[in-house]
Structures are given as structure tokens and as C-alpha cells.
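Since the structure comes first, as C-alpha cells, the remarks are kept for the end.
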Amino acid sequence: MTTVPAAEAPPILHAEALRDAIAARRDDLIALTQDLLRIPTLNPPGDCYLEICEYLAKRLKASGFEVQLVRAHGAKGDTDRYPRWNVVARKEGPRGGDCVHFNSHTDVVEVGRGWTKDPFGGELEDGRIYGRGACDMKGGLAASIIAVEAFIAAVPDWGGAIEISGTVDEESGGYAGVAYLAEKGFYQNVQHVIIPEPLNPDRICLGHRGVWWAEIETFGEIAHGSMPFLGDCAVRHMGAVINEMEETLFPALFAKTTDMPVVPEGARHSTMNINSLHGGLPEPGKDETGFPSACVPDSARMIIDRRYLIEEDPEEVKAEIRAVLERVKSKRETFTYALREMWGVPPTMTDKAAPVVQSVHRAIEATYGRAPDYVVSPGTYDQKHIARIGKLHNCIAYGPGILDLAHKPDEWVGVEDMLRSAEVMALALAELLAGPAA
Ligand SMILES: [Zn+2]
């Protein structure tokens with residue numbers, strides 16, 4: 001990859017006017033972030049999705065956008081009680097050109113314990129705005145809206161189109177959100193995508209590792225617990241599976257490393273988590289006080305969460321697990337198993353030479369006086385749907401907020417970080433849409 005050094009590159013057009021326009025919107029940015037935080041869009045179950053769409057629709061219509069509310073009818077999670085509403089706003093420039101799309105998820109995760117602030121109060125204290133979703137990612141959504149509004153006001157003769165979408169369910173897979181929009185063709189006329197997830201405002205996130213979930217079941221034969229030799233214990237078979245994983249699989253995964261700049265660094269190896277393990281009797285209900293009965297378990301189930309690297313072939317990832325199970329089978333006479341695939345997403349990583357990466361790179365350099373760090377996320381986010389269904393590979397995550405604060409108690413976003421990242425987004429728009437007419 002070659003990057004034009006800042007010294008040789010021409011300055012970004014309208015940079016001063018854009019900086020002034022962002023600075024003038026400071027109070028507006030704070031109020032907008034607070035308003036968004038005060039709409040408790042909890043997922044699960046999917047609360048207030050229509051309310052936040054209507055709020056955004058009103059705001060963006062006032063800024064000259066054409067707005068569509070899109071319900072993900074028939075998608076996972078969509079019910080009449082909890083309808084999955086998304087909002088897509090589009091504004092055409094005075095002349096033709098590319099379309100830049102900002103996508104933010106509007107859902108937030110559960111509050112959890114340990115808060116000292118009102119999780120839906122939007123309290124501003126010492127330059128920080130507190131609330132569930134402040135950093136992940138209503139701060140990013142607010143910053144992108146301010147960036148776009150400032151750009152439209154400061155650069156009258158821009159070319160192309162700008163879209164802003166607010167989508168649901170990112171925290172639970174994004175199937176009724178970005179995936180639904182991608183399936184309905186919403187990304188067909190889009191050239192550049194920025195997802196303002198909290199990645200720290202001087203870093204560009206190029207993509208994510210792959211994921212594959214599967215359930216392994218081992219089988220046995222039920223018998224009285226006092227005479228286990230008359231049955232066949234599925235849990236012991238599963239124990240043998242875990243043993244084989246410890247001895248051969250985990251060391252092999254750790255030995256695989258990637259050139260992807262994944263953060264944190266521990267995720268630059270292949271990893272696998274055992275998400276759950278269950279064998280024998282079901283867990284007793286809260287009101288049950290009796291002893292469990294004595295039975296040899298005839299089934300044990302394990303859910304594995306395998307995260308893999310761009311250098312790995314998804315078929316090999318699956319074959320590796322089958323090989324573990326076959327090795328156990330060769331050592332245990334009565335061992336039988338089932339392997340069920342649950343879901344998977346391939347790794348994705350946008351090329352550093354892609355136009356959206358280069359524009360944001362230059363904008364970060366102009367704002368922070370240094371080149372950005374490139375990162376890749378250990379887990380997936382909505383970029384997966386844009387790459388996989390939308391077939392668009394000119395997409396990054398870039399936004400304010402500190403990644404480590406996501407999903408934590410007393411989550412906050414810094415006003416300065418939002419302002420500076422809004423500046424970066426506005427300058428990137430100038431790079432992409434304010435150039436001379438073609
Ligand atoms: Zn997020």
C-alpha cells in the first residue's frame with residue numbers, strides 16, 4: 001500500500017470552513033447526544049425502535065433529507081409487540097457523484113449493575129456525556145449527523161449523495177437492521193460506508209475476524225447412576241473431547257497468527273471459546289428443593305465459538321473440529337457424536353488503498369497531526385452484512401468513544417472526542433464529495 005505523505009498531498013478543501021461549522025455546533029451536538037440517550041432502545045427486547053426512528057426522521061427532514069422508515073417485516077426478532085424499525089435518510093448534492101453512507105445502530109445493550117449515573121439521563125459532567133449507548137454508539141451517530149449537517153452548510157457546491165441510516169439489532173446480529181437493508185438493495189447505490197462505532201477517534205477499523213459457531217453433542221446410554229457400567233456416560237465422552245481439545249486443538253490455534261492488525265493483540269491468534277456445556281439432567285428450577293435423580297447421562301452438548309483469521313479457510317476451520325472428534329472416536333469404542341453448524345461469518349478486511357480508507361486517513365492526519373492506527377475488530381459488527389450481502393468492500397468503522405467503555409457501567413462519550421471525530425468525518429466528506437466536478 002502506498003500513502004501520499006501529508007506534506008506532499010494538497011490540503012483538504014474547505015477545511016477551515018468545516019472546522020468552524022463543527023465548532024459552532026457544539027451545543028447542538030451535546031443536546032442531540034442527550035436526546036438520543038434518553039430514548040431507551042434496549043435490545044433485547046427491542047424497545048423504542050420506532051420512537052428513535054421518528055426522532056431521527058424529524059431531525060434529518062429539517063436538514064433537507066428524504067427519509068424512509070423501513071420495518072424489517074419477517075426478519076428475526078420482528079413482532080407486532082417489538083417491531084424492528086430502521087431509518088434511512090438521503091440527500092442529493094447539487095451535482096452528481098458518489099454516495100457516502102453513514103450507518104449507526106440505534107440499539108443498546110442491557111444496563112447491568114454498577115451504575116452511579118442515570119443510564120438514560122444523558123447527564124453531562126466534566127466534558128463527558130453518560131448513558132447506556134453513549135459510546136456504543138449514540139455518540140457516533142450524533143457526531144456523524146453533526147458532521148454531515150456542517151458539511152452541507154459549509155460546502156454549497158458538493159457532488160454526490162449522503163445517506164444516514166439508523167438500524168436495529170446490531171447487538172444481536174443485525175439481521176433485522178443492516179442485513180435487512182442490504183437484502184432489500186439499500187447498498188446498491190452506495191460507494192462508501194462509514195460505521196461510527198467507538199474505535200477511538202484516531203484509529204480506522206478495517207474489518208473483523210471470522211466467526212463460526214457450532215454445537216457438538218456426544219451420546220451415551222441412560223442407566224441407573226449406581227450401576228454406570230450398565231450405561232454409557234455422554235459426559236465422560238465430552239470430557240474426552242475437551243481433553244483432546246486441550247492437548248491438540250488449543251495449542252494449534254494459538255500457533256496460528258495473522259497479519260490483520262487485530263486489537264487487542266491476544267486476538268491476533270485463532271481463538272475458540274466454549275460458550276456453554278451441558279450434560280445430564282436439566283438445571284433444577286428455582287423452586288425445586290429435591291435431590292436430582294441418579295441417571296447416567298445419554299447426551300452432552302457443547303457450543304463452540306470459533307474466531308478465525310483471514311489467512312484461514314472456513315472449510316479448514318470446520319475440518320479441524322471434525323478431526324478432533326474423529327481422533328476421540330478412534331480412541332473410544334462407543335463414542336458417537338453429532339456436529340451441528342449454527343452460524344458463521346467470514347472475516348472481512350477493507351483494503352488500505354480503498355477510497356474511504358484513504359479519505360479518512362487524510363482527515364485524521366489533518367485533525368490529529370499524525371497518521372491513524374489501523375485496527376481490526378476481534379468480533380464482528382455490521383460491516384459483515386455490508387460486505388457479504390451488500391457486496392461493498394469500501395467500508396470502515398470509524399468513530400468517537402473509547403472501545404473499552406462499551407457495554408460497561410457508567411458508559412460515557414467525551415464531547416471533545418465527538419467534536420474531533422465529527423471534524424474528521426466532515427473532512428473525509430470533503431475529500432470524497434467536494435472535489436472538482438468530473
Ligand atoms: Zn456498537
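The values are calculated or read from the model by the stated rules, or taken from the named source; none is laboratory data. Being a predicted model, the structure only gives us computed values, none of them experimental. Note: ideal-geometry Cβ built from the backbone for every residue, glycine included; neighbour counts use all protein chains shown.
What to note about this one:
- Some residue of the stretch 326-337 being surrounded by 12 or more Cβ atoms within 10 Å (Cβ to Cβ), outside the structural domain of ALA387 (by TED's automatic domain parsing), within 35 Å of the chain's Cα centre (by Cα) and within 26 Å of LEU403 (Cβ to Cβ): no
- Restricting VAL235, VAL263 to those that are assigned by TED's automatic domain parsing to the domain that holds ARG307 and within 16 Å of the ligand (Cβ to nearest atom) reduces the list to VAL263.
- Failed item, numbered, when PRO228 is tested on (1) touching a Pro at 6+ places or on another chain (Cβ under 9 Å); (2) on the phi < 0 side of the Ramachandran plot: (1)
- Hits in the stretch 82-109 (condition: under 25 Å from the mean Cα position of the chain (by Cα) and away from the ligand (no atom under 16 Å from the Cβ)): TYR82, PRO83, ARG84, TRP85, VAL87, VAL88, ALA89, ARG90, ASP98, CYS99, VAL100, HIS101
- Any chance LYS384 is assigned to a loop (DSSP other than H, G, I, E, B) and assigned by TED's automatic domain parsing to the domain that holds ALA182: no
- GLY131 away from the ligand (no atom under 12 Å from the Cβ), touching a helix residue (DSSP H, G or I) at 6+ places or on another chain (Cβ under 7 Å) and assigned by TED's automatic domain parsing to the domain that holds ARG26: yes
- Number of positions in the stretch 117-166 that are among the hydrophobic types (A, V, I, L, M, F, W, C), in contact with a His (Cβ under 7 Å, 6 or more places away or on another chain) and in a helix (DSSP H, G or I): 2
- Residue check for HIS192: more than 15 Å from the ligand (Cβ to nearest atom), at negative phi and either outside the structural domain of THR79 (by TED's automatic domain parsing) or crowded, with 19+ Cβ neighbours inside 10 Å (or both): yes
- Taking residues in the stretch 134-156 that are under 18 Å from PRO40 (Cβ atoms), and partners anywhere that are within 16 Å of the ligand (Cβ to nearest atom) and among the aromatic types (Phe, Trp, Tyr), the pairs with Cβ atoms closer than 8 Å and at least 6 places apart or on different chains are ALA134/TRP412; CYS135/TRP412.
- Taken over the stretch 125-146, residues that are in contact with a strand residue (DSSP E or B) (Cβ under 8 Å, 6 or more places away or on another chain) and either among the polar types (S, T, N, Q) or more than 16 Å from ALA406 (Cα to Cα) (or both) amount to 3.
- Scanning the stretch 338-364 for residues that are surrounded by fewer than 21 Cβ atoms within 10 Å (Cβ to Cβ) and small (Gly, Ala, Ser) yields ALA338, GLY344, ALA353, ALA354.
- Of all residues in the stretch 195-222, those satisfying the criterion of being within 14 Å of the ligand (Cβ to nearest atom) and buried (at least 23 other Cβ atoms within 10 Å of the Cβ) are ILE195, PRO196, GLU197, PRO198, LEU199, CYS205, HIS208.
- Selection of first residues in the stretch 334-348 that are under 30 Å from ASP232 (Cα atoms) and of second residues that are among the hydrophobic types (A, V, I, L, M, F, W, C) and exposed (fewer than 12 other Cβ atoms within 10 Å of the Cβ), restricted to Cβ pairs under 9 Å at least 6 apart or on distinct chains, gives an empty result.
- Checked against the criterion of being in contact with a Pro (Cβ under 8 Å, 6 or more places away or on another chain) and at pLDDT 95 or above, the candidates VAL262, VAL241, VAL211 yield just one match: VAL262.
Matching residues to (1) surrounded by 22 or more Cβ atoms within 10 Å (Cβ to Cβ); (2) touching an Asp or Glu at 6+ places or on another chain (Cβ under 8 Å); (3) without any contact (Cβ under 8 Å) to a residue 60 or more places away in the chain:
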| site | (1), (2), (3) |
| --- | --- |
| ALA366 | no, no, no |
| GLY369 | no, no, yes |
| TYR374 | no, no, no |
| ASP382 | yes, yes, no |
| ILE386 | yes, no, no |
| ALA397 | yes, yes, no |
| ALA406 | no, yes, no |
| PRO409 | no, no, no |
| GLY414 | no, no, no |
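- Restricting the first member to the stretch 192-205 and to residues that are closer than 12 Å to VAL413 by Cα and touching a residue at least 40 places away in the same chain (Cβ under 8 Å), and the second to residues that are within 14 Å of the ligand (Cβ to nearest atom) and of a type in the set (Val, Ile, Thr), the beta-carbon pairs closer than 8 Å and six or more apart or on different chains are PRO198/ILE402; PRO198/VAL413; ASN200/ILE402.
- Of the residues making up the stretch 28-67, those that are touching a strand residue (DSSP E or B) at 6+ places or on another chain (Cβ under 7 Å) and more than 21 Å from ASP410 (Cβ to Cβ) are TYR49, LEU50, ILE52, CYS53, LEU56, ALA57, LEU60, LYS61, GLY64, PHE65, GLU66, VAL67.
- The stretch 171-189, subset in a helix (DSSP H, G or I) and modelled with pLDDT of 95 or more, residue nearest to the ligand (Cβ to nearest atom): VAL178
- Any hit, the stretch 234-248, residues being surrounded by 15 or more Cβ atoms within 10 Å (Cβ to Cβ), over 18 Å from TYR337 (Cα atoms) and of a type outside the set (S, T, N, Q): no
- Among the residues making up the stretch 270-291, those that are crowded, with 16+ Cβ neighbours inside 10 Å and farther than 30 Å from GLY225 by Cα are SER270, THR271, MET272.
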